[in-house]
Amino acid sequence: MSLSDDFRPGLEGVVAFETEIAEPDREGGSLRYRGVDIEELVGHVPFEKVWGLLVDESLEPGLPASYCELPVRTGGHMSDLQAALAVFSGRWGLKQLIDIDDKQARDDLARLSSATLSIVAQSARGDAAPVAEEEVMKGQTAAERFLLAWRGDVDERHAKAIDTYWICTAEHGLNASTFTARIVASTAADSGAVLASAVGALSGPLHGGAPARVLPMLDAVAKTGDAEKWVRDSLGRGERIMGFGHRIYRAEDPRSRVLRRTAEELGSPRVEVAHALEKAAHEAIAERHPDHSYTNVEFWSAVVLDVAEVPPSLAPAMFACSRTAGWSAHVLDQKRTGRLIRPSARYVGPGERSLAEAG
Ligand code: COA
């Protein structure tokens, strides 16, 4: 096969790694972490144990509980997290992946992952005085500690919404941020640099930022009271409907199913308008792009996070909290391969010419 035949825009369908962590099944039937269906995990084990399943292949010991102070307040939740991860890697003296064994790398990733939950909660708390560490550590689960650090109390419905969301979004194969984590890990940078880079990739609306745009969309639809018209107007303006379409799935995303059910069980007041928009957008997008007409994880995530009163601006950082699991598992996989990731680009620019010609 010639080099030009190999070119796949967006690397679609290119197999770059083999993995035993998880991989979505394209027809949308199910999503399994290390072979275990997420349907079996949600409501049975908390997120911190799922982190263990993905990273250590074992529920125990799972992600350790910890409390870290927010080192820098930047004005944005994702930038607070990115800055904090960079600060911790320097402050904690994290060594580069090439200089440490797998056990040390795992422990660094666990420490950073646990710190991520603490940092995002404190970033969400804004300028209010931080909740004391001993109060936060009274929480029984990572979701409860998150709520304590953020708001100083725990509403069990909110904790269930966050825990379910975190489990459903903990890992999803080779998406853009996980690929980023693997690329940076392949250079043997330290784990703080790796996770900070992954957070940057996740901050874009085509990957992790869509839930932040779903709620305003639901509000707009509720205001007009006519989901079909709203969808046609948006598509007519050439806009994408956020929370629909996926590079992998050609049918319903199994995470959508779990999250939709959770939104219904938790009695979200937005369920009705979300159903109306889901139906209208599915039908309208299917006319031109049937492969992109199903909701992706971010649509119902937005509704579930809303149950926990997570503001849209915080949604990408909530995603970063859960994805520390998938990122960490892939970083350890990548470390074991020891192979630098370095794809090629086909040069299609001007032929050789003088500086004067380039003028
Ligand atoms: N609404 C309307 N049209 C959509 C769409 C959406 N949500 N998603 C894809 N399409 C259309 C595109 O406009 C494009 O049409 P065109 O060929 O006429 O230009 C076609 O479907 C293919 O889109 P493309 O961006 O090439 O496909 P992809 O596989 O790269 O897209 C996503 C995957 C997720 C980036 C895309 O579906 C999207 O932008 N969704 C909205 C953002 C979102 O929800 N992101 C969260 C992902 S978990």
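The values are calculated or read from the model by the stated rules, or taken from the named source; none is laboratory data. Note that the structure is predicted; figures quoted are calculated from it, not measured. All Cβ positions, glycine included, derive from the backbone under ideal geometry; neighbour counts span all protein chains shown. To get the accessible areas, we keep the full protein, side chains included, count just its heavy atoms, and leave off ligands, DNA and RNA. Shrake-Rupley method; radii C 1.70, N 1.55, O 1.52, S 1.80 Å.
Summary table
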{"read-out": "Residue check for Asp6: open to solvent by less than 60 Å² (accessible area, probe 1.4 Å) and over 30 Å from Ala83 (Cβ atoms)", "value": "no"}
{"read-out": "Selection from region 133-146 of residues that are over 19 Å from Cys321 (Cα atoms) and either modelled with pLDDT under 95 or loosely packed, with under 13 Cβ neighbours inside 10 Å (or both)", "value": "Glu134, Lys138"}
{"read-out": "Members of region 286-315 that are in a loop (DSSP other than H, G, I, E, B) and either of a type in the set (A, V, I, L, M) or closer than 16 Å to Gly208 by Cα (or both)", "value": "Asn296, Ala308, Val310, Pro311"}
{"read-out": "Inter-residue pairs, beta-carbon under 7 Å, first modelled with pLDDT under 95 and in region 21-35, second part of a loop (DSSP other than H, G, I, E, B) and among the β-branched types (Val, Ile, Thr), 6+ apart", "value": "Pro24/Ile248; Arg26/Ile248"}
{"read-out": "Pair list, Cβ < 8 Å and 6+ apart or interchain, from region 224-243 residues that are at negative phi to residues that are open to solvent by less than 60 Å² (accessible area, probe 1.4 Å) and assigned to a loop (DSSP other than H, G, I, E, B)", "value": "Val231/Ile241; Ser234/Ile241; Leu235/Ile241; Met242/Pro205"}
{"read-out": "Residue in region 113-125 that is open to solvent by less than 10 Å² (accessible area, probe 1.4 Å) and basic (Lys, Arg) present", "value": "no"}
{"read-out": "Residues within region 171-183 that are of a type outside the set (A, V, I, L, M, F, W, C), away from the ligand (no atom under 16 Å from the Cβ) and either open to solvent by 20 Å² or more (accessible area, probe 1.4 Å) or free of Cβ contacts under 8 Å to residues at least 24 places away in the same chain (or both), tallied", "value": "0"}
{"read-out": "Long-range neighbours under 7 Å by Cβ, at least six apart or interchain, first residue more than 13 Å from Ala263 (Cα to Cα) and open to solvent by 70 Å² or more (accessible area, probe 1.4 Å) within region 286-305, second more than 7 Å from the ligand (Cβ to nearest atom) and modelled with pLDDT of 90 or more", "value": "Tyr294/His282"}
{"read-out": "Condition broken by Arg270, with the remaining ones in (1) open to solvent by less than 70 Å² (accessible area, probe 1.4 Å); (2) modelled with pLDDT under 95 satisfied", "value": "(2)"}
{"read-out": "Of the criteria (1) assigned to a helix (DSSP H, G or I); (2) open to solvent by 10 Å² or more (accessible area, probe 1.4 Å), which one Met318 fails", "value": "(2)"}
{"read-out": "Residues of region 321-359 classified as of a type in the set (Asp, Glu), surrounded by 15 or more Cβ atoms within 10 Å (Cβ to Cβ) and not in a helix (DSSP H, G or I), total", "value": "0"}
{"read-out": "Some residue of region 47-58 being over 25 Å from Gly126 (Cα atoms), open to solvent by 60 Å² or more (accessible area, probe 1.4 Å) and either under 19 Å from the mean Cα position of the chain (by Cα) or of a type in the set (Gly, Ala, Ser) (or both)", "value": "no"}
{"read-out": "Region 54-74 residues that are part of a loop (DSSP other than H, G, I, E, B), paired with ones that are open to solvent by 60 Å² or more (accessible area, probe 1.4 Å) and not basic (Lys, Arg) (beta carbon under 6 Å, 6 or more apart)", "value": "Tyr67/Glu133"}
{"read-out": "Residues that are over 27 Å from Arg125 (Cα atoms) and either without any contact (Cβ under 8 Å) to a residue 24 or more places away in the chain or outside any helix (DSSP H, G or I) (or both), drawn from region 266-282", "value": "Glu272, His275, Glu278"}
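Conditions tested, residue by residue: (1) more than 18 Å from the chain's Cα centre (by Cα); (2) within 16 Å of the ligand (Cβ to nearest atom); (3) on the phi < 0 side of the Ramachandran plot.
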site	(1), (2), (3)
Ala284	yes, yes, yes
Ser328	no, no, yes
Arg336	yes, no, yes
Ala345	yes, no, yes
Ala358	yes, no, yes
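Each row is one residue, and each column tells you yes or no for (1) farther than 18 Å from Val45 by Cα; (2) polar (S, T, N, Q); (3) without any contact (Cβ under 8 Å) to a residue 60 or more places away in the chain; (4) in a loop (DSSP other than H, G, I, E, B).
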position	(1), (2), (3), (4)
Ile98	yes, no, no, no
Ser123	yes, yes, no, no
Asp127	yes, no, yes, yes
Pro130	yes, no, no, yes
Ala143	no, no, no, no
Trp166	no, no, no, no
